[in-house]
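Worksheet for the structure shown next.
The values are calculated or read from the model by the stated rules, or taken from the named source; none is laboratory data. Nothing here was measured: the structure is a model prediction, and the numbers come from that model. Neighbour counts run over all protein chains shown; Cβ positions are idealised from the backbone, glycine included. Remember, those area values only see protein heavy atoms, side chains included, never the ligands or the DNA or RNA. Shrake-Rupley method; radii C 1.70, N 1.55, O 1.52, S 1.80 Å.
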Amino acid sequence: MEKIFKLKENGTSVRTEILAGLTTFMTMAYIIALNPNLLTNFDVGSSLWNGVFMATCIASAIAMFCMAFLANKPFALAPGMGLNSFFAVVAANIAALTGMSYVASFQAALVIILMEGIVFIILSILNIREKIVDAIPLGVRLGIAPAIGLMLMNIGLGSNVGIYSENGGPFYVMRDFFGALTPSVAKTSMGSGYSAMILTVVTMFVGLFVIVILAKKGIKAAVLLGMLVASVIYWAGQALFLGTNPFASLSTASFVPPFADMVETTFFKFNFSGFLEIGWFTAITLIITFCMIDMFDTIGTLVGTASRAGMVDKEGNMPNMKEALLSDAIGTIVGSCTGTSTVTTFVESASGVEAGGRTGLTALTTGILFLACIFIAPIAAIIPAAATSAALIYVGVLMLMGLKNVDFDDMDQMLPVSLMLIGMPVSGSIGHAIGLGLISYTVIKVFTGKAKDVSVLTYVISALFLVKFFVVV
């Protein structure tokens, strides 16, 4: 382990790395079931759902193994949120446009992901993606980590836990509980779901406080232990106050991997003829759109998380960035071949980094756990979302500390940073927020007589984002 991952050089140990990998896994295990849900419109149990489930576990694991051994970085990868929803919309539109079945249109959309992965492989090998990273001005880079922090807090307090009842849903913690005028209004609105909401809020904040207290005592496994305490509280609350068995799903769960369904529906099932039916202009537009969103989501996550972990130099550059980006590209190609949308670096990696993860051993651990979920997915599914919310909020707060590096008296920095701070949590897209930051930075420099301070590549990227935001296709 020392020889492969250089643990001493990075100030870490096998135990710390494994705990960090487990922490990352627990905060992002939700994607294992949520990704096939989104890509198949919640057609749980169907052959396509099973195929996407297998693809999610396998592609994520392989991408993390690449991150571990090529880049020696602690970042985890999986099919990206936002990108998977966009993929589902594209697949549905292809079905509506051509009249083919959803499975056939899904297989046609996989061709887009394959093309995107090939483009990224080429850009990574030619160092173009690395040059794009270098083109991001320091002022914009300084705002990425804090903006991701707000995004994590927004996920933890906002969308990570949704409560359903006879009154509908989902009901969210910040919007529907803390946002209600009075408790009686919240109770009336949520109906029978109010009790579950109370349990969620208690679980979330007890977990958060446990993490903070343990962290202040210098315990490296604080995040993991906090999630475990929160999980126990939630399970106990389900049994004692809600009258439900938190482990009921395990009694009927199947632990046999659905390999046959993956082979039948998604494994190298590229529908090239269906892809050609959508037209070259639409196809190229979709490939470029996927590329831009994925590229800047990945760059933002890598730069922001690495900055928080102290894995960047004075210029804000991360060593082995090329290898990290290459791992992301390989993951996307593997995802297309196995049957899932774009694989990208997950912002939840920050939880493992905060737990002490500094090398590829963290990514390797998370990857092994994803691979194991082919057999033990029902066990991973019982981790309460409220427990992971506690970790996301805590890590988000820590990443906000990066604001201390921003010069609040310099509008060249403050406007881009401010737009990213609001843009990431509201839009839910790291890439779009970076685009807003780059455009504002470029405009300020040009119209204050400092156009020469902006690199040619920054002009190009800003122009591409303007086209993406405003040109209707």
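Mind checking whether some residue in the stretch 252-267 is modelled with pLDDT of 90 or more, closer than 30 Å to Val90 by Cβ, in a loop (DSSP other than H, G, I, E, B) and open to solvent by 60 Å² or more (accessible area, probe 1.4 Å)?
yes
Considering only the stretch 304-346, how many residues are at positive phi and open to solvent by less than 20 Å² (accessible area, probe 1.4 Å)?
Of the residues in the stretch 304-346, 2 are at positive phi and open to solvent by less than 20 Å² (accessible area, probe 1.4 Å).
Take the stretch 309-329 and flag every residue that is in contact with a Ser or Thr (Cβ under 9 Å, 6 or more places away or on another chain) and over 30 Å from Gly218 (Cβ atoms).
Across the stretch 309-329, the qualifying residues are Lys322, Glu323, Leu325, Leu326, Ser327, Asp328, Ala329.
Output the qualifying pairs, or none if there are none: Cβ atoms under 8 angstrom, residues six or more apart or on different chains, first residue in the stretch 125-153 and more than 10 Å from Met424 (Cα to Cα), second residue of a type in the set (Gly, Ala, Ser) and buried (at least 24 other Cβ atoms within 10 Å of the Cβ).
These pairs meet every condition: Val140/Gly437; Gly143/Gly437; Ala145/Gly304; Met153/Gly396.
Output the qualifying pairs, or none if there are none: Cβ atoms under 9 angstrom, residues six or more apart or on different chains, first residue in the stretch 460-472 and within 15 Å of Gly437 (Cβ to Cβ), second residue modelled with pLDDT under 90 and open to solvent by 60 Å² or more (accessible area, probe 1.4 Å).
Pairs that qualify, where the first residue is within 15 Å of Gly437 (Cβ to Cβ) and the partner is modelled with pLDDT under 90 and open to solvent by 60 Å² or more (accessible area, probe 1.4 Å), are Leu464/Ile288; Lys468/Ile288.
Considering only the stretch 364-378, state which residues are touching a residue at least 40 places away in the same chain (Cβ under 8 Å) and out of contact with any Asp or Glu (no Cβ under 9 Å at 6 or more places or on another chain). Before you say what the answer is, go through the steps one by one.
Going through the stretch 364-378, the residues touching a residue at least 40 places away in the same chain (Cβ under 8 Å) turn out to be 364-371, 373-378.
Of everything in the stretch 364-378, those that are touching a residue at least 40 places away in the same chain (Cβ under 8 Å) and out of contact with any Asp or Glu (no Cβ under 9 Å at 6 or more places or on another chain) turn out to be Thr366, Gly367, Ile368, Leu369, Phe370, Leu371, Cys373, Ile374, Phe375, Ile376, Ala377, Pro378.
Which of the residues spanning the stretch 181-209 are without any contact (Cβ under 8 Å) to a residue 24 or more places away in the chain and closer than 30 Å to Arg358 by Cβ?
Hit for the stretch 181-209 is Phe209, nothing else.
Taking the residues in the stretch 437-457 that are touching a Phe, Trp or Tyr at 6+ places or on another chain (Cβ under 8 Å) and crowded, with 21+ Cβ neighbours inside 10 Å as candidates, determine which candidate is nearest to Gly156 (Cα to Cα).
Leu438
Of the residues Phe408, Phe375, which single one is open to solvent by 10 Å² or more (accessible area, probe 1.4 Å), outside any helix (DSSP H, G or I) and not β-branched (Val, Ile, Thr)?
Of the residues listed, the single one that is open to solvent by 10 Å² or more (accessible area, probe 1.4 Å), outside any helix (DSSP H, G or I) and not β-branched (Val, Ile, Thr) is Phe408.
Results for (1) open to solvent by 30 Å² or more (accessible area, probe 1.4 Å); (2) out of contact with any Gly (no Cβ under 7 Å at 6 or more places or on another chain), shown as yes or no for each residue.
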{"position": "Leu70", "(1), (2)": "yes, yes"}
{"position": "Pro74", "(1), (2)": "no, no"}
{"position": "Asn84", "(1), (2)": "no, yes"}
{"position": "Val89", "(1), (2)": "yes, yes"}
{"position": "Thr98", "(1), (2)": "yes, no"}
{"position": "Leu126", "(1), (2)": "yes, yes"}
{"position": "Glu130", "(1), (2)": "yes, yes"}
{"position": "Ile136", "(1), (2)": "no, yes"}
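What single numbered condition from (1) in contact with an Asp or Glu (Cβ under 9 Å, 6 or more places away or on another chain); (2) farther than 20 Å from Thr265 by Cα; (3) surrounded by fewer than 18 Cβ atoms within 10 Å (Cβ to Cβ) fails to hold for Ser46?
That leaves (2) as the condition not met.
From the set of residues in the stretch 425-454 that are of a type outside the set (D, E, K, R) and part of a loop (DSSP other than H, G, I, E, B), which is nearest to Asp294 (Cα to Cα)?
Among those that are of a type outside the set (D, E, K, R) and part of a loop (DSSP other than H, G, I, E, B), it is Ser429.
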